[in-house]
Amino acid sequence: MHLLEHQVLAYIKQHQLITSGDKLLVACSGGVDSMALLSFFYKFQSYFQIELFVAHVDHMLRGEASAGDRNFVEQTCAKWDIPVFSSAIPIAEYLEQEGGNSQAICRRERYHFFEKVMSEQKMDKLVTAHHADDQLESMLMAMTKASSLNGLKGIMPKRPFLNNFVIRPFLAVTKSEIREYLHTEGQTYREDASNEKDVYTRNRFRHHVVPLLKKENPSISQHVVQLADQLAEDDRYLMQLAETRFSTLFEEMRGNCYKVVISDFQSEPLALQRRLILILLKYLYNDSKLIQSYALCTMILKLFDTAVGSSSVDLPDGYIARQQYGEITFGKSQQMHQMTKQPLTLNEWNWVGELRVYVGELAQCEDSLLAVHKPYYFTASTVQYPLLVRVREDGDRIALSGMQQKKKVARIFIDEKIPLVKRAHWPLLVDANNELLAVMAIRVNNQFSDVRLAIHDSVLLIAHI
């Protein structure tokens, strides 16, 4: 048995890539890598007890050369009695219509075709010929970007694809080993002239950076594969821990909104904090680029630096992260003003953003507090408990002493020259019926008085931090 076959068989077993009875769709361009992959599985088809199929895409970018690739793959599959599914896709037309990166469009359309074939033919796994040198190039490219750990994990040996998986059994071997194996097997392949062009980022790494590294250490590709496996294993374990902690730390609210207590989050190790944010982003977004954005993750983490005061960060797609009352709430901006209501504990100080609030029985309130902080007296029976603090809602009005009509809170903010940036977060005191009792530190409603009367049995105190 050839050394490459030993290595690939061991890698397949290590990562449990194949199960007896699998229907495998091999992506085959006709190049050296994919032809070696097809040759390997054709040879071991009975050993694995699998059904083998081939998919080939002609991107129609190289005229007769790419048409020749398709013909070569189809003839090889006919000789080996392997069903083949081929498609010619006019990538040039897509480029003219959309612009953008030709390689990205090629990959998108190629995988759309693979999805279609797998779905229609009810296949189990897509097999691609990514190898150890591809892994090295991918990780080097990730290092040149502001990438997350996911980029440094490189190409995964197995990842979800449709309802099943895409597998990469050749990650254990290098390009030179693949080429030597195909030569030993007496098989031919097609050369793609575009692989020699330096216009593509991967080609520049392949032609100029990787040879220098291999000159320093000929085994660097295999070492990088081992490193990627270790990173993936460590990350998998930490993600499992983070998933468990997420359900404990983050409270799911209505409308795809989540709330977390800052102090609880801060008590977690930084490695878990980053993964907790990643899990949150997965719940909020379907866009993998947003989910993996290092800049976005870092921006959100900075919100957790303090639990004092209030602040907010605008997130993509109309979401907002709002920090107040020692908590951070994530949700659509139009929902945020209706989301969080903080209940007040009676007869003790409550932290409310940049304020402290005391509501309690007069009999339990020390005279020294009444002397230091301006008291507002009221009768407990005139309000409905529990009392809560929330932010402004559309149409909020408050009944003020000496006024026949309730006054708009928006008008109070204007009269008091409250900055626009603070108005959306300003704390309002309401009772259980959502009756507005106070625009905190600005106005109280007509149930409160700064003069103590015999009927008063309760008191409200507000203090700046």
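The values are calculated or read from the model by the stated rules, or taken from the named source; none is laboratory data. What you see is a predicted model, and the numbers here were worked out from it, not measured in a lab. Reconstructed Cβ throughout: ideal geometry from the backbone, glycine too, with neighbour counts over all protein chains shown.
Mind counting the residues in the stretch 286-302 that are closer than 29 Å to Leu420 by Cα and surrounded by 18 or more Cβ atoms within 10 Å (Cβ to Cβ)?
3
Of the residues Ser66, Ser39, only one is surrounded by 15 or more Cβ atoms within 10 Å (Cβ to Cβ) and farther than 23 Å from Thr201 by Cβ; which?
Among Ser66, Ser39, only Ser39 is surrounded by 15 or more Cβ atoms within 10 Å (Cβ to Cβ) and farther than 23 Å from Thr201 by Cβ.
I'd like the full set of residues that are over 42 Å from the mean Cα position of the chain (by Cα), part of a loop (DSSP other than H, G, I, E, B) and exposed (fewer than 15 other Cβ atoms within 10 Å of the Cβ), limited to the stretch 383-420.
Passing the criteria: Gln384, Ser401, Gly402, Met403, Gln404, Gln405, Lys406.
Looking at the stretch 93-143, which of its residues are closer than 30 Å to Leu227 by Cα and surrounded by fewer than 11 Cβ atoms within 10 Å (Cβ to Cβ)?
Ala104, Met143
From (1) over 44 Å from the mean Cα position of the chain (by Cα); (2) surrounded by 12 or more Cβ atoms within 10 Å (Cβ to Cβ); (3) in a loop (DSSP other than H, G, I, E, B), pick out the condition that doesn't hold for Leu453.
Of (1) over 44 Å from the mean Cα position of the chain (by Cα); (2) surrounded by 12 or more Cβ atoms within 10 Å (Cβ to Cβ); (3) in a loop (DSSP other than H, G, I, E, B), only one is false for Leu453: (2).
So which pairs qualify, if the first residue must be in the stretch 203-221 and more than 23 Å from Gln103 (Cα to Cα), the second must be outside any helix (DSSP H, G or I), the Cβ gap must be under 7 Å, and the two must be at least 6 apart or on different chains?
From residues that are more than 23 Å from Gln103 (Cα to Cα), the pairs are Ser221/Thr174.
The rows are residues; the columns are (1) farther than 20 Å from Glu120 by Cα; (2) modelled with pLDDT of 95 or more.
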| site | (1), (2) |
| --- | --- |
| Ile18 | yes, yes |
| Asp22 | no, yes |
| Ser39 | yes, yes |
| Val54 | no, yes |
| Phe85 | no, yes |
| Gln97 | yes, no |
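Of all the helices (runs of 4 or more DSSP H) wholly in the stretch 175-220, which have at least 2 residues that are touching a Leu at 6+ places or on another chain (Cβ under 6 Å)?
175-184
Given the conditions (1) of a type outside the set (Val, Ile, Thr); (2) surrounded by 15 or more Cβ atoms within 10 Å (Cβ to Cβ); (3) assigned by TED's automatic domain parsing to the domain that holds Ala10, which single one is not true for Gln273?
(3)
For the stretch 1-35, what are the residues that are surrounded by fewer than 17 Cβ atoms within 10 Å (Cβ to Cβ), of a type outside the set (S, T, N, Q) and touching a strand residue (DSSP E or B) at 6+ places or on another chain (Cβ under 9 Å)?
Within the stretch 1-35, Gly21, Lys23 qualify.
In the stretch 421-450, what count of residues is obtained for those that are among the hydrophobic types (A, V, I, L, M, F, W, C) and either assigned to a strand (DSSP E or B) or in contact with a Pro (Cβ under 7 Å, 6 or more places away or on another chain) (or both)?
10
Just for the stretch 58-77: of the residues that are aliphatic (A, V, I, L, M) and touching a strand residue (DSSP E or B) at 6+ places or on another chain (Cβ under 8 Å), which one is modelled with the lowest pLDDT?
Met60
Under 7 Å between Cβ atoms, which residue pairs at least 6 apart in sequence (or on different chains) link something in the stretch 356-371 that is surrounded by fewer than 12 Cβ atoms within 10 Å (Cβ to Cβ) with a partner that is assigned to a loop (DSSP other than H, G, I, E, B)?
Gln364/Asn347
Kindly indicate which of Met403, Met440 is farther than 22 Å from Trp351 by Cβ and of a type in the set (A, V, I, L, M, F, W, C).
Unique residue meeting the criteria: Met403.
What tally of residues in the stretch 303-316 results from selecting those that are buried (at least 16 other Cβ atoms within 10 Å of the Cβ), over 14 Å from the mean Cα position of the chain (by Cα) and not polar (S, T, N, Q)?
4
Among the residues of the stretch 77-134, how many are assigned to a helix (DSSP H, G or I), in contact (Cβ under 8 Å) with a residue 60 or more places away in the chain and in contact with a helix residue (DSSP H, G or I) (Cβ under 7 Å, 6 or more places away or on another chain)?
Of the residues in the stretch 77-134, 2 are assigned to a helix (DSSP H, G or I), in contact (Cβ under 8 Å) with a residue 60 or more places away in the chain and in contact with a helix residue (DSSP H, G or I) (Cβ under 7 Å, 6 or more places away or on another chain).
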